[in-house]
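Visitor: The structure follows.
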Amino acid sequence: MPFFHCDVTGGLNRLAFSTADDPFYKTSESKYYPEAVVFNSKGEVLARVNPDTRNSADYHMAYLDDVRDNVLKINDDRKIQISFNQIKEAGCMILLTVKQFDPKDGRQIGTEGEFHRAGLRRAKAETNQTLDYCMLKKVELPEDYQELIADEEDDAKPAFRNSLTYIAGALFLDDSGASPNWIFESYKNVFQAKDFKDPGNDVVSAIGALYARATSEYAEQQKVLADASNALKKSQEEKK
């Protein structure tokens, strides 16, 4: 269940989804980054923006590094700007996640306690007005979470990095009414990589599949209701 949801059509044109390793100072290295993934109603990935893929012209998203600004009091490190009102594809969903950089040498990032104030933020891009904020340490971790997991069969192998993926929220283009509306839902969930070890399987693809099932079931329910309504009208007309 979302922490809250709201209609953002009209009052908001461009969303800034950002992360800060620490809101008060620059950390020794980077740990967290935002990612935005666009799905269609079938759960297929249409676009993904992150440090490796920084722009999506088709879906009006751009990833930016080093965005701190003392004058404007912007304390974020990285952000994705999303002009979601320019996206018109019915049933579209934009999933907002926070992920961790993966050092190639397998070491832990930073020093102990260095990232205890790390957070994510959603803001109005034009004014930097905060819409939603969360410190990552307040998102409850799985009970069995370990950052590095040793190989039980071969001690010589490098430890498996059990990266975390935070599900921060989603934007949905709801076309069920007279005119399409963008709905924002805020989440505070986290998943660990060890639960998604199969090739091609990660938490993002799992959520895409879940979204596809939900939209399909909703469409089927709407069809059943429409058929029932038509049958009732026909029965009433025959009795006249």
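Visitor: Being closer than 20 Å to Gln108 by Cα and aromatic (Phe, Trp, Tyr) narrows it down to one residue among Tyr166, Tyr187; which is it?
Guide: After ruling out the rest, the residue left standing is Tyr166.
Visitor: Taking only pairs six or more apart or across chains, which ones have beta-carbon atoms under 6 Å, a first residue in segment 32-55 that is in contact (Cβ under 8 Å) with a residue 60 or more places away in the chain and hydrophobic (A, V, I, L, M, F, W, C), and a second residue that is outside any strand (DSSP E or B) and surrounded by 17 or more Cβ atoms within 10 Å (Cβ to Cβ)?
Guide: Cβ pairs passing all conditions: Val37/Val204; Phe39/Gly208; Phe39/Tyr211.
Visitor: How many residues, within segment 9-52, are crowded, with 19+ Cβ neighbours inside 10 Å, touching a helix residue (DSSP H, G or I) at 6+ places or on another chain (Cβ under 9 Å) and not acidic (Asp, Glu)?
Guide: Within segment 9-52, residues that are crowded, with 19+ Cβ neighbours inside 10 Å, touching a helix residue (DSSP H, G or I) at 6+ places or on another chain (Cβ under 9 Å) and not acidic (Asp, Glu) number 8.
Visitor: Something else now. So which residues in segment 53-74 are surrounded by fewer than 18 Cβ atoms within 10 Å (Cβ to Cβ), of a type outside the set (Val, Ile, Thr), under 17 Å from Lys99 (Cβ atoms) and within 16 Å of the chain's Cα centre (by Cα), if there are any at all?
Guide: The one that is surrounded by fewer than 18 Cβ atoms within 10 Å (Cβ to Cβ), of a type outside the set (Val, Ile, Thr), under 17 Å from Lys99 (Cβ atoms) and within 16 Å of the chain's Cα centre (by Cα): Arg54.
Listed here are the residues, each with its yes/no results for (1) loosely packed, with under 13 Cβ neighbours inside 10 Å; (2) of a type in the set (Gly, Ala, Ser); (3) over 17 Å from the mean Cα position of the chain (by Cα).
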residue	(1), (2), (3)
Arg78	no, no, no
Phe84	no, no, no
Lys104	yes, no, yes
Gly110	no, yes, yes
Arg121	no, no, no
Asn128	no, no, yes
Lys137	yes, no, yes
Ile149	no, no, yes
Glu153	yes, no, yes
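Visitor: Go through Lys88, Lys42, Lys26, Lys104 for me and flag whichever is under 25 Å from Asp202 (Cα atoms), of a type in the set (Lys, Arg), part of a loop (DSSP other than H, G, I, E, B) and at pLDDT below 90.
Guide: Going through Lys88, Lys42, Lys26, Lys104 in turn, the sole match is Lys104.
Visitor: Could you say whether any residue in segment 12-30 is closer than 24 Å to Gln86 by Cα, acidic (Asp, Glu) and touching a residue at least 24 places away in the same chain (Cβ under 8 Å)?
Guide: Checked segment 12-30: no residue is closer than 24 Å to Gln86 by Cα, acidic (Asp, Glu) and touching a residue at least 24 places away in the same chain (Cβ under 8 Å).
Visitor: Further question on the same structure: I'm checking my understanding of the structure. Among residues of segment 152-167 that are modelled with pLDDT of 90 or more and out of contact with any Phe, Trp or Tyr (no Cβ under 6 Å at 6 or more places or on another chain), which one is nearest to Thr97 (Cα to Cα)?
Guide: So, considering only residues that are modelled with pLDDT of 90 or more and out of contact with any Phe, Trp or Tyr (no Cβ under 6 Å at 6 or more places or on another chain), the one nearest to Thr97 (Cα to Cα) is Tyr166.
Visitor: Then there is this: What number of residues within segment 3-28 satisfy the criterion of being farther than 17 Å from Gly119 by Cβ and over 15 Å from the mean Cα position of the chain (by Cα)?
Guide: Final tally of qualifying residues: 10.
Visitor: Scan segment 204-213 and give yes if some residue there is part of a loop (DSSP other than H, G, I, E, B) and closer than 30 Å to Leu131 by Cα, otherwise no.
Guide: no
Visitor: Still on this structure, please answer the following. Step by step: first the residues of segment 115-151, then only those that are assigned to a loop (DSSP other than H, G, I, E, B) and more than 22 Å from Tyr33 (Cβ to Cβ), then the one that is modelled with the lowest pLDDT. Which residue is that?
Guide: The selected residue is Asp151.
Visitor: Step by step: first the residues of segment 77-131, then only those that are of a type in the set (Asp, Glu) and touching a residue at least 60 places away in the same chain (Cβ under 8 Å), then the one that is nearest to Ser18 (Cα to Cα). Which residue is that?
Guide: Out of the qualifying residues, it is Glu126.
Visitor: Another one. Would you please name the residue that is surrounded by the fewest Cβ atoms within 10 Å (Cβ to Cβ), looking only at residues in segment 159-189 that are over 18 Å from Phe4 (Cβ atoms) and touching an Asp or Glu at 6+ places or on another chain (Cβ under 8 Å)?
Guide: Ala159
Visitor: Can Lys197 be described as basic (Lys, Arg) and either assigned to a loop (DSSP other than H, G, I, E, B) or touching a Leu at 6+ places or on another chain (Cβ under 7 Å) (or both)?
Guide: yes
The values are calculated or read from the model by the stated rules, or taken from the named source; none is laboratory data. Just so we're clear, the structure is a prediction, and the values are computed from it rather than from any experiment. Reconstructed Cβ throughout: ideal geometry from the backbone, glycine too, with neighbour counts over all protein chains shown.
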